[in-house]
1. Does residue 61 satisfy the condition of being among the hydrophobic types (A, V, I, L, M, F, W, C) and in contact (Cβ under 8 Å) with a residue 12 or more places away in the chain?
2. Are there any pairs, at least 6 apart or on different chains, whose C-beta atoms fall under 8 Å, with the first in segment 14-25 and free of Cβ contacts under 8 Å to residues at least 24 places away in the same chain and the second open to solvent by 20 Å² or more (accessible area, probe 1.4 Å) and β-branched (Val, Ile, Thr), and if so, which?
3. Being open to solvent by less than 30 Å² (accessible area, probe 1.4 Å) and touching a Lys or Arg at 6+ places or on another chain (Cβ under 7 Å) narrows it down to one residue among 34, 41, 10; which is it?
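The values are calculated or read from the model by the stated rules, or taken from the named source; none is laboratory data. Note that this is a predicted model, so its numbers are computed, not measured. Cβ placement follows ideal geometry from the backbone for every residue including glycine, while neighbour counts extend to all protein chains displayed. Accessible surface is based on the protein model in full, side chains and every heavy atom, while ligands, DNA and RNA are left aside. Shrake-Rupley method; radii C 1.70, N 1.55, O 1.52, S 1.80 Å.
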Amino acid sequence: MTDVKLSPTAQKVLNIMQQHRGVPYTASDMCEVADCSTGQADIALEVLAKAGLIERQQSTAGATTYIARK
């Protein structure tokens, strides 16, 4: 991680995802696990994906999920 400043929510989301590698999460899934709003989870997941810390996956049905890098 190269000098990426993470919000407390993004750090919490990253920690959860690292503990559950291989488990895909949507923003609504993550908001329940991380105890935050869906909007906060969505922003945190996008920031982490853009920083290369997690992977963003788009299904053919249009659902977006995120998964921790192995």
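1. Considered against the rule, which asks whether it is among the hydrophobic types (A, V, I, L, M, F, W, C) and in contact (Cβ under 8 Å) with a residue 12 or more places away in the chain, residue 61 comes out as no.
2. 16/33
3. Residue meeting the stated conditions: 34.
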